[in-house]
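First the structure, in the form of structure tokens, and then the observations on it.
Just so it is clear, none of the values below were taken in a lab; they were calculated from the coordinates. Given the structure is predicted, the values throughout are model-derived calculations rather than measurements. Here the Cβ positions follow ideal geometry from the backbone for every residue, glycine too, while neighbour counts run over all protein chains shown.
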Number of protein chains: 2
Amino acid sequence: MPCGTLGSVKGVPQDILEELGVEILLGNTYHLYLRPGAAQVRQLGGLHKFMAWERALLTDSGGFQVFSLSQLRKVSEAGVEFRSHLDGSTHLFTPESTMEAQISLGADIVMAFDECTEYPAERGRAQQSMELTLRWAERSKKYFEAHKHEAPWALESAELPQGLKPTSLANVSEGAVNQIVPRGFSENREPRTENFPRNSKLETRNCTQALFGIVQGGMFPDLRRESAERLVAMDFPGYAIGGLSVGEPRALTEEVLHATLPALPKERPRYVMGVGTPEEIVRYALMGVDMMDCVLPTRAARHGLLYTSEGKVNIKNARYAQDPSPLDPNCGCRVCARYSRAYLRHLYANGEVLAMTLNSIHNLAFYLDTMRRVRHSIRLGDISALYSAIQSRA
Amino acid sequence: MPCGTLGSVKGVPQDILEELGVEILLGNTYHLYLRPGAAQVRQLGGLHKFMAWERALLTDSGGFQVFSLSQLRKVSEAGVEFRSHLDGSTHLFTPESTMEAQISLGADIVMAFDECTEYPAERGRAQQSMELTLRWAERSKKYFEAHKHEAPWALESAELPQGLKPTSLANVSEGAVNQIVPRGFSENREPRTENFPRNSKLETRNCTQALFGIVQGGMFPDLRRESAERLVAMDFPGYAIGGLSVGEPRALTEEVLHATLPALPKERPRYVMGVGTPEEIVRYALMGVDMMDCVLPTRAARHGLLYTSEGKVNIKNARYAQDPSPLDPNCGCRVCARYSRAYLRHLYANGEVLAMTLNSIHNLAFYLDTMRRVRHSIRLGDISALYSAIQSRA
């Protein structure tokens, strides 16, 4: 899932994302809550409509950014009081308020409000943090269940809210409008199709967002298993593993995943938050991870670090100044089809906006192509060949 | 002609420019000379190949930027000595050296090296500057005629330079390769088609770039006429009017144009450099101007100033924060087809890269659509209606 932070994947327009085959984007509740504001997005029909994205969206709860971006954080049982990194204003995030914000934004998948345990953390601290996250998960779920029908697009009546238009007028039957664009999951947790449909046919079933729980527990396998089991007992439609990629060595990340994944039900999405490199995402996918998100492809792109089938390319390097060849001879993206390394280097060296755009498009194409190959290998049952092929690309 | 300064229209990829119907881009010799360097671009096959742009290109001579951007300029008969705005290094631009640079870059149309007379300038100063420009025009043309066959794409033999590939292998006949992508004008000054063809059929005619002369003379109609007549006597395939839009009141701009245009042959392109607003470009086109270039659509876009059929929109304004309507209801561009004013405002207010891209796409669409309407009106002979319609859009 590429990161669309403030309702935009930096420098990449939505139609390019569609063309790349992006099926789901991540939006950051922390950022959108501050600007333009969750209520404002609700008033405009929700985040999908606001950013003109018809495919799936997932919002995180804001918990992570509160810890990583803001100043003067004060954690209590109620939630987290923090100062905005933008203007220093004070805010309070609670499980209830972040659920409210996420319902207003209307993403297909929303995340329980958790405490992302810092690294390193001693066992006592990790346990206390895990317990807090579990109590917050209960409160998140309670609020969500009571208010999930209030998503901007989840209508009970035929009345269209101001500004919303049906995507397909041909299918509108009088009085049968229950939803403008089908979103989310039905009550029995059936996703509409395997790949988050772009089905604009109006349906009369009442659909809602899906709330995922987040496993914490620091780097302690037994705490992780306990956290997972207690979340599963709360019966979420999907489960995330948080608190990883926070500075720990990779070996520890994998140890935690090995301990945690078996405790989460296979038949529901298992989502590892905030990972990873091309090599990591393959490894974790082959371990059974279904969803991942990371700023790496786009952030690295903005720093001129490009992933290719022949290894990493640091495009600012002078060696590319006269290189007429495409960035990646094995890549079919529009950047590699058209532009030379020399031109990409020139754009980056001169701080051109186009550098950001083209680099991001390529890195996203690389990541998405990587996952496509993983899915293909899984279907074919031919995993080992894929794995060693990817190893060389890291 | 949108401005592609350093080989890129800031934030807008080449395929979008093609989709917008851009037929010709302007590249700045001053900037490209400094980075990556004219020789470097030559080595990569010329500017078209470097920036992967198959349509037409025009380069200015560097004269204007030397005056507007660099420090410590010293003008002599030889040329202009200046310090780079990037790193303070010293350089000398002469008619010969800027012709050499432009031949290396390989744009379809190149400009004589001129002195852009400052405003205001007294008559004596304007006359002296005009005379210098005419002497430089002679030297530009002399050098150009002696070296024009050295453009990176103007081949005499069948041997392909390193890196260049024929655009259509089907049409390659052994030994008949005279040019990879037809460029420029034939010796009898016939442009290939009306609209700068994308004809990839290989031709055996020997083609070169076209050098345009530039009229100066300050704000003095008689000097302008003299400058024009003496340039026409040198017989250029096209003529530009420089030294306008340099701070003078609009009435004076028009006075100079009224004095100068009749002195330039109607059957050759007449190009006014550095203009203008949507209203201006219509006025000047209806006065007989054939070509114009301006940073305004893209620069204004980057500052959130958007041109619409209902007037200028300053997208950062709070009044758009909840506006779900498209930017311009009468615009068919991809931005107006998809995104709301509220979203565009959000992007701009948060310094998102996508703001720059989307705003530029729209403003370019607006400018190009404006000129399309001018051409249509001219063909239909229905100019007055167009003129009053455009007036309201200024």
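At-a-glance table
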quantity	calculated
Peptide B:347-357, shielding by other chains (average Cβ, 10 Å cutoff)	6
Estimated FRET transfer efficiency when R0 is 45 angstrom, pair A:Lys266-A:Asn314 (beta carbons, to 0.05)	0.70
Under 9 Å, Cβ to Cβ, from A:Pro152 - net charge with Lys/Arg +1 and Asp/Glu -1	+1
Separation of the A:Ala52 and A:Gln322 label points, Cα + 7 Å toward Cβ, nm	4.4 nm
Taking B:Ile383, B:Ile281 and counting other C-beta atoms within 10 Å, the order from fewest to most	B:Ile383, B:Ile281
Charge context of A:Thr94, other residues only, Cβ under 14 angstrom, K/R +1, D/E -1	-1
Two-site label geometry, B:Ala39 and B:Gln71: point separation in nm, points 7 Å out along Cα→Cβ	2.6 nm
At 7 Å out from Cα toward Cβ: A:Arg373 inter-copy label distances (nm, ascending)	5.1
Rg/Rg_ref, region B:24-92, where Rg_ref = 2.2 N^0.38 Å and atoms are Cα	1.20
Inter-chain shielding of B:335-345 (mean C-beta neighbours from other protein chains, 10 Å cut-off)	4
Cut-off 14 Å, label 7 Å out along Cα→Cβ of B:Glu18, residues of region A:339-357 by amide N	A:339-340
Cross-link pairs beyond the 20 Å C-alpha cut-off, checked among A:Lys316/B:Lys10; B:Lys142/B:Lys266; A:Lys10/B:Lys10; A:Lys10/B:Lys316	B:Lys142/B:Lys266
Cα-based shape type of region B:257-357, given that a ≥ b ≥ c are square roots of the gyration tensor eigenvalues and the cut on a/c is 1.5	prolate
Protection-proxy order for peptides A:208-214, A:21-27, B:230-236, each taking the mean of Cβ atoms within 10 Å per residue, highest first	A:208-214, A:21-27, B:230-236
Teacher prompt: B:Ala39 distances to equivalent labels in other copies, 7 Å Cα→Cβ, nm	6.5
Cα gyration tensor, region B:59-144 - rounded (a/c under 1.5), prolate or oblate	oblate
Other-copy label distances relative to A:Ala146, 7 angstrom Cα-Cβ extension, nm	8.8
Label-point gap, in nm, between B:Arg135 and A:Ala78 - each point 7 angstrom along Cα→Cβ	8.1 nm
